[in-house]
Structure formats: C-alpha cells, structure tokens
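Colleague: To start, I am sharing the structure in question, which I have written as structure tokens.
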Amino acid sequence: MFSQLFSEVSILFKRGTGIIPPPKDFVEELPDTLASILSRISSSSSRLSKMKFNVERAQVHLFKDAFARHGQPSIASTGLLFPTVTRLAVGPYNEFIVQHCPNIRHLSDVPYNVWHGQIGDVRVHVMNLIEEAQKIENLESFVVRETLTGDLMNALYSSIPRIKTLAILRHCIFHMSFEDFVSIHLSRFHHLRMLCIPDVSNLGVGYNPPRWGLVKYRPDADEILKRMNEEGQQARERVARAIFDTCPWLKELWFEDCVREYNSQCIHGLTRHSHMLRRYISTLRVSSVQGPTHPPLDHRTLPAYFTQHILANFADRPALTCPHELPTPHSLSTRHLSWTFSHFDNHISALSRGLISLGVRPGDRVAVIMPNNSAYALLQWALSRIGAILVTINPAYRINELVQTLDLVGTKHLVVVPGIRTSRYLDMLVQRFPEIVGQSPGEIHLQGLSTLRNLVVVGGSHLKPALDWRDVFLWRQDTKEKAIVDDLAKSLHKDDVWDHGAPKAVSLTHHNLLNNARFIAMCMDLSEKDVLCNVPPLFHCFGLILGNLAAWVQGGMLDFSKGGSESEQVQVTALHGVPTHFLGVLEEVSRRRARGDKVETPMLRTGIAAGSSVPIQLMRRLINELGLEELTNAYGMTETSPVSFQTRTTSASAKEREREGGLGGHYDSMFEPFDMIQRTETVGRVHPHVKMVVVDSGWGAELNEPSSTSKSKDIPIPTPLPINTPGEVLISGYLLQKGYWGDSEQTKKAMKTDVQGTRWMFTGDEGVLGEDGCLRIVSRIKDLIIRGGENLFPIQIEDTLLGKLGGSDGKVRECAVVAVKDEKYGEVVGVWVVAAEGVRVNLDVVEDKAENLGDNDGGKTLSRKEIRDVIAKNMNPQNAPAWVWFVGSEGGEGGGYLGDGPIESLVGNSNSNSASSSSPLGYPTELPKTASGKVMKHVLREWSEELVRRGVGRVG
C-alpha cells in the first residue's frame, strides 16, 4: 500500500570493492532481483513523477541486463519501465534510462566528481545525455552541469533547438567570449523562455570579486561586501541587458550565485531552489531595441527564391484570382482569371522573353500606371527576372506630376491602362505631347521625356506608337530570348535595385524586399492555405510588398477583388487595408445585412492595418462583425522595405505551426501575445535583423545644419532617450534602401552612418518605446503641434475624440488634427471632423447652449463646442482645439449637415491630388487622402490657413 503514496524515488547503486569477491550465485541472480524490484516500483506507483537514477558506471550493465530479462511482464511486454515520470535526473552513463521514461518534460544530469573523458570541450556523458534528449518529443527544460563552451552550445542547438528552459550550472565560460556566447550561440534559441547561467564573476565580463574567505576577517569587510554586491549588481544588469537586447523572446534570466553540488535537488528543477538564484525580468530602460537574428536572412534574389522555393513547393497551389478579368487557357475557373503558381510562372516567363524582345534591358526603368490586376502581378516578377526596375506610379497623378516623376527616374518604358475613373492617361499624354501621335512603337522621342521609348497599353488603344499588352508576350521557348532571360536571372545580385517608389524615387533591392516580405508574412502566420484579399493599390508598397509579395513568399493566394472575394467559393482568410477601408467594408456589410442579405466571413482571421493607427472601437467591430481576431498593425516607411515594426497574430494555427516546426513556428515563439491595447495603440515590436533607437527630435536637424561638423563625416553613435520618452525614430538593418535615385543630397540628409559603421534612417516620425518593447508612433515630427513651447501630439487627440464620440453608434466617423498658426501661442490645435451618417452638425449654435443639443435632436447633433469639451475633459486642456471644421456637402443633403463653405484653393486646381476630395464648387466633401488611404495633412493645413483667414471655425 505504501508504494501508492510516493511521488519521488532515487535509485542509487554502488557495489562494494572489497578484497573478498561476492559469491557467484549472487552475481548471477542480481539482474533478476533488480528487474523484480524495478518492475514492482513501476507497476505499484501511479503517483511517481520524479526520479533520480544514478548507477555507478561499472554496474550499469547489470541494470541493462535487468531491463532485458524475460519473465517480467511489465518490462518484456512494453519495455517502458516508468511511464508516469516527468522529471528525471540521470548520472554519468545512465542515459539508457531515458528510453524507458516516455513522458519526460524536465531532464537533468546528476553532479559528480569523476572525469570520464570528453568530446571536444564537452564531457562524454554530457554529450550522451544531450543525444538522448534529442529523442524526447515534448522536452521543456534541460539542466546540465558543464563548462559553458562553444562545443556545448552547438551540441545543444543541434539536439534541442526548441527547448524552453535551459540551465548551464558549472563553473564558467571557456574558450569563447561572452559576446560570442550571446550573439553567435544564444541568439539561435528562439523558443527559449528561461535561462540560467553561471554568475557574472565566471562570465569574463570584467567583474572579479575577491574570495570572501580572504577578506571576511578584515576590519573593512562590511564595506568590501557592500562594494562587491553593488559591482555585482551592475555587472548582472549589463549582462542581462545584453542578453535581452539580443533575445527579446526570453522572459527570465537567472544567475547562479554560487557553484555548489545540488545532489538530489536537481530533480525538482530550478523553481524549488529560487533562493539560490538571482532572477531578472526583461525590462527595457532606454529607447533602443534590436530584433532577433532568427530566422536568418535569405540572400537569394527574387527570381531565385520564386524558382527554388515557391515553385518547388507550391507549383500546383492557387496563386492569383482576378474576379473582374476573363479566364485564360488553363485557368482554374471558367468564369474569371485564376492561376496556379505553375500557370503564373508560364505567363511570367513568356512576358520576360517578350520584354527582352521589346528592348527592355537590365537597369531600365519600367513605369506602371494600372489598378490591381494580373498584368501588374506579372510585371512584378518578370521585371525582377530580367534585372529591370519597376517604377510604381500613383494613378491619381495629373499630367505635370506624371511627367515630373517619369523624367526624375529616367523612365524608358511605360505600361499603362487607358484610364482609371476620370483620369484618361493616353489623352493626357497626347494633350501634353501632341507629337507623339505621329511616332512609331519603340521610337518615341518627347522633349519633356527624353528617355521614354516604349508605350505599352493594357486594354487596347488606337494610338500609333502604343503596343498592345497581349502582343508583348513571347510564348515560344526555342528563341534566343529564353537563353538571355536565363542568363540574366543567374547574373542578378541580391543588392540589385528592383523597385523605385515614386515620387521620392526610393531604391529598394531584392534583399530588402524579399526578407521584409518574409517577416511580414511570419507575423501574420501566412501559409499556402491562406487567401489574401489585397485591397490597397499596388503602386503603394502596402499593396505591392505587404500584400502581393508577403502572400506569395509563403505560397499563399492573392485575391484582387475589391473588398472580399467575388469568386466561386473562395474563402478569404486575410484582408489588408487602412482604417478608412475597413470602415467602408463594415458599412457595406451593415447595409447588406440590413436588407436581409446573409453576409458571412467564417475563414477571415488576419490582415494588416497600416497608414494610421486602428481605433480600439474599430478593432472591436472588426473582430465582432467580420471575425478579424488576428488583425496586425504595421509601421514603416517605403525607405525601410517598408515594415520595421509589427504586431503579430495569436491564432491557434500559429501555435500548431510552432509544434510542427512550420515556417511560422520560429516567429510565433518570438514574442508574447499582444493585448487589445497593444494591438490598437502601438505598432508592435521590432522585426528580426532590425535595430531601432529613439533620439532627441532635434538631433537630426542639428546634423543637417551647414555648421554641423557631422555633415561630411560619420556621426556620433546615437544616444537613446530614456524609456517612455518621445523622440525621433531611427532605423537600421538589412531593410534600408540604397538611397534616393538621382538625389544624393536628400540621401545624405535622411541616411547617416555612425562611427561604428552602422547606417541609420532618420524617419521623421515621433515615437515612444514602452517597457514591453512596443512602439507607439505619436506623429510625424513636422505634424507636431508646439503650443506655447509644449509638444502636443495629433494622434493622441484624434484617438481621444474617436474614443469618446466614435464607434458604431457614435457621432464622429473620422477626424484629423493639424497645427494652426497663432500669434499668441505660435501654434494651436485645429480639428477636421467627418460626422457619422445621420448626425446633423449645427454650425450656428450658441456656445452656452451647446450642451443641450443632444436633448433637442435625439443625441444626433454635433457642435464645435462639444468637440472641444470632449478633448478638454479627457486630456490636458492644452490639447483642446481652438478651431474646429466639419467636412460635408455644400447642400446639406449628403452628410445631413451644412459644410463650412468653399475652399478657394481647390477651385480650378486640376493638378492637386486632393481634387477628388472637393465638389465642383470647392466644398470639401471628405478628408483628402492618398490612394492608399492616408490623410494628407499638408492639404488640410492649406485649407485651414484659408478658413482661419476668413475667421471660420473658431471655438472657445
């Protein structure tokens, strides 16, 4: 009966070595006796969970014979001696016991003082134990008493790379520096959550305290002890910081205070003896972070990656569907265009050969003006295959902007659709360059576009020099063009430029884009099973990189429908957009459900919201109404590939990938899950292989002043601000662009190299880094409002207003905060507001009666004073706006209220990107936005200046 009560057992065996040998019959019967004892222990105790097994090396064979003896059913039939044991400590050369404990979670060696030889710098029995640990399927923690060497770390990583708790408890670091231990070895263990290492006095980090036994009798022993403790604490903090900076996924770091033999204590693990260890939790103290070094960077070019990874693994998987395009031969659908990766590759190859035949050469700039369609997708890969450079053009450009951008990068070939919405691109070209009408294909010569030679039209045109898109494809494979394409693809280098982002002419390389897309996809846990509805336009990096490339590098499928698949039974799992896009989707879903339509999105789980932060009310609606429980938030700029920070999903599928070791597994274990606040108020944590530091906002401007000594040489190492302090965000790493094409002066201003050789991108964004490593983007530095010397952050004011008056039942749909010049304060706050549908704005309200408006109109009336009061009551009163303007229609019908009047600067301004945001009479009907959905605050500032001049919008 007593055997049912114990949960721990220690099996120790040491045969005597006296002069008189044991009887022969004793030696022969001993294995049977041992087998009987072990069998009874195994079968009689259901509570046994912890065991220490330490048999002298010379007697190990007796236990092996015992395990092999027949006649013991529990051994012979199953071979499993201790199925309930989860914690096991084993002595030297006792590793065979591991195979008889199938459910081990925690494995440790047993202290001993006998030397039995070594393999490299690792003792033989430790190496044997590590090899056995590799066979344990669900091992969580591993404790080893061995000198910290490179051979040990390599052996551990080869056998148990996914270990979560690791303790190395013997003496000191040996044959390597502490820096190598962290950067080369420890940085590879991306599943590690808790680490225990020798105390800092044994790590070679400059802390060498005197032996206490030599000083404890001195008169000043207490002072020496106090100084030793202080120096030790400082050294531990330095070591902890170095480890946590390199391994942000690590949660706990423990130091062993003293080297001692633990005897049987090891079977209880580390937590039972926490009084022997110093515990450090990862806490940032300054605004500087560095991403992990795993997964490693991929050094292939885009075409090489497409062939060697995407085609090799996903050739028969669907790659692209375009519900608004007609099917092609071999299309997966009979109703619309739908290709597998194999069919996709066939079209890419034919287009690559055709472009070579057309005269496109490596380094040529090929500009594209198109909506999201299959032609854009094909060009994305075909141009990378032949070394040409894709120039993405905003379809909203007017002719002056278009010509300026094409000429800036030296565009030689232009691929264009006849028109999008009200823009007719061919007509614009003819009006600006009438001489083009009489020219021939491939021989275009225009005075304002000296480099342009080819014009390719997708959709057909009667213009003489224009080539039809369909005629460019060269389907035959027995031509010289095929050999040229193959040779060009092989000759490409990862640092070759592939994309120019207009209008800044940002130069991004294969290396930039491929790796950035990989890490973006890992944050979303994308796989070949995902279908991404890519709403953002492809001329923007949001659509081209975060959308197309991020899905394809993981074998996912792209859906080019406008807001959810309109294809046959295609279940979208991911949706990209800015908050404006998501608001539009929610409104459309609400309208359809209101009229009785059944709208379901059972597979929708993730996506990216970028361009601006997602208000928490909007996030909740996306989760509740669409099921976007794993929507991620991303931050970056085109110059940084573009993403440097991102939140990540916490889906069950991500955890499954981690268990299976899938592509998302490493990244899934990298960070703790994000809560709702982190997902809505921050842009997440830093990407792998990226460094970030927050510095004083004026430092970059000082470096660019003519008197600055740092302008023509390396700058000092950036000094990070304390944690939770706003400042300019600087980014460094593989993701930095090569520079602005043809603008070395602007490149020097934005990108600087410090004295250690690290190149930094000055983003111009004001950010705050929290202790959790999450970054909050406060505003653009140039958008910052300085009111009487106090810094006010527009995004905080916008979030407060939307938090109090936004949401599905709120009065405010959108808002934007800008700086307004003021004689007294220098700058004050101005707010542009878009009222929710059905809300009436009263511009003539008397201030002291504003509080009663809600009672007079069922709570559906909005005034300037209400806007001001909400901000003043929920923030520092300095943030309260001095000016409030409402965006609406001139007649009062569309939005249910009367707008603030015409903006003279909009009338007749055909070259303004914001022209679409106004009526023919110059009334603003919506916030001016880029084609990717970002609010253009420079336009709002222009509007504000005119309205202030007229005295319109004053409040308070």
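Colleague: State to the nearest 20 debye the size of the charge dipole of the range 380-478 about its Cα centre, where the only charges are +1 on K and R beta carbons and -1 on D and E beta carbons.
Modeller: Value, rounded to 20: 160 debye.
Colleague: Also, quick follow-up: Subtracting the Cα-Cα distance from 0.36 nm times the residue separation, let me have the gained length for His938 to Gln308 in nm, one decimal.
Modeller: Gain on extension, His938 to Gln308, equals 222.3 nm.
Colleague: Compute, for Asp345, the solvent-accessible surface of its heavy atoms (probe 1.4 Å) with the complete set of protein chains present, and express it in square angstrom to the nearest 10.
Modeller: Surface open to solvent at Asp345 totals about 30 Å².
Colleague: Additional query: Using a/c under 1.5 as the rounded threshold, could you call the range 121-225 rounded, prolate or oblate? The axes a ≥ b ≥ c are square roots of the C-alpha gyration tensor eigenvalues, and prolate needs a/b larger than b/c, oblate otherwise.
Modeller: Cα axes put the range 121-225 in the prolate bin.
Colleague: Treat each spin label as a single point 7 Å out from the Cα along the C-beta direction, and report the Ile184 to Arg421 distance in nm.
Modeller: 5.7 nm
Colleague: Quick one: if the Förster radius is 60 Å, what FRET efficiency do Thr334 and Asp743 give, using the C-beta to C-beta distance and rounding to 0.05?
Modeller: About 0.75, to the nearest 0.05.
Colleague: What FRET efficiency comes out for Ile37 versus Arg593 if R0 is 60 angstrom and r is the Cβ-Cβ distance? Round to the nearest 0.05.
Modeller: Once rounded, the FRET efficiency stands at 0.25.
Colleague: Quick check: with the 1.4 Å probe, what order do Glu146, Glu230, Glu325, Glu945 take by accessible area, largest first?
Modeller: Glu945, Glu230, Glu325, Glu146
Colleague: On full extension of the chain, what length is gained from Ser177 through Gln118, given 0.36 nm per residue of separation minus the C-alpha to C-alpha distance?
Modeller: Working it through step by step, the gained length comes to 19.1 nm.
Colleague: Another question about this same structure. Between the range 457-527 and the range 132-199, what's the alpha-carbon centroid distance in Å?
Modeller: Spelled out, the Cα-based centre of one part sits 44 Å from the other.
Colleague: Hey, can you rank 824-832, 729-737, 754-762 by average C-beta count inside 10 Å, highest first?
Modeller: Averaged packing, sorted descending, gives the order 729-737, 824-832, 754-762.
Colleague: Determine the gain in length on full extension of the stretch Asp696-Ser808; use 0.36 nm per residue of separation and subtract their C-alpha separation, reporting nm with one decimal.
Modeller: 36.4 nm
Colleague: What percent do you get for the relative contact order of the range 465-517 when only Cα pairs under 8 Å and 6+ apart count?
Modeller: The value is 22 percent.
Colleague: Using a basic spin-label model with each label point 7 Å from the Cα along Cα→Cβ, how many nm lie between Ser440 and Lys226?
Modeller: The modelled label-to-label distance comes out at 9.5 nm.
Colleague: Which value, in Å to one decimal place, does the Kirkwood hydrodynamic radius take for the range 447-596 when every pair of different Cα atoms is included?
Modeller: After inverting the mean inverse Cα-Cα distance, the result is 18.8 Å.
The values are calculated or read from the model by the stated rules, or taken from the named source; none is laboratory data. Since the model is a prediction, treat every value here as computed from it, not as a measurement. Please note: Cβ atoms are built from the backbone with ideal geometry, for glycine as well, and neighbour counts cover all protein chains shown. Heavy atoms of the whole protein, side chains included, go into the accessibility calculation; ligands, DNA and RNA do not. Shrake-Rupley method; radii C 1.70, N 1.55, O 1.52, S 1.80 Å.
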